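Bear in mind that the values in this text are calculations on the coordinates, not laboratory data. The shown structure was predicted, so the numbers you read here are calculated from the model rather than taken from an experiment. Every residue, glycine as well, gets a Cβ built from its backbone with ideal geometry; the counts of neighbours run over all protein chains shown.
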Amino acid sequence: MNELDTLYQELILEHYKHPRNREPLEGDFITHENPSCGDSLRLKIEWEGSDRIKRIVFDGHGCAISIASASIMTELLSGETVQNAERICTKAIAFLRGESKASTDAGDSSDSRHSGDPVDLGDLQALAGVRLFPLRVKCATLAWHGIEKELKAQGEVDRP
């Protein structure tokens, strides 16, 4: 194992052992499950106005990959507008499926934080290895698909 693989493995374990924005959920939340492995995540978007995510929190159980990916997702999408969060979700899912070689390719030329810069998927790049294992891709994309579905529904409500 090379140094980069070791670093990525440590980063995944850090997000698994100390997930960001994980807390018990009450009230309305989204449940997204992977029946092939038993992972189940509950997700909740806290809104700042009607078009900006204040933060995303999650709870549930799953493997290290699904928990780490959910933790990374909450960090990447908190503070984003619905439109930018949808763009990041699309990029993240494509990246995890192996449909893009790096988190900054596929021709996206705008990022929510720095106009004109490509989307930066940050720590999510540590999960690039899941591309080699189709069943693990489902684990890595579980939270992303759940939030993507909710964002699309929110975007349709806000659009005339």
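Tabulated data
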{"quantity": "Alpha-carbon Rg/Rh ratio, for the chain, with Rh computed the Kirkwood way", "calculated": "0.95"}
{"quantity": "At least 18 Å along the helix axis (C-alpha) and Kyte average at least 1.0, DSSP helices within the chain", "calculated": "64-77"}
{"quantity": "Rounded if a/c under 1.5, otherwise prolate or oblate - region 26-99, Cα gyration tensor axes", "calculated": "oblate"}
{"quantity": "Charge dipole (debye, nearest 20) of the chain; +1 at Cβ of Lys and Arg, -1 at Cβ of Asp and Glu", "calculated": "320"}
{"quantity": "Peptides ranked, highest mean first, by Cβ atoms within 10 Å: ranges 68-76, 145-153", "calculated": "68-76, 145-153"}
{"quantity": "Nonlocal amide H pairs with Thr81, under 5 Å, H built at 1.01 Å", "calculated": "Ile53"}
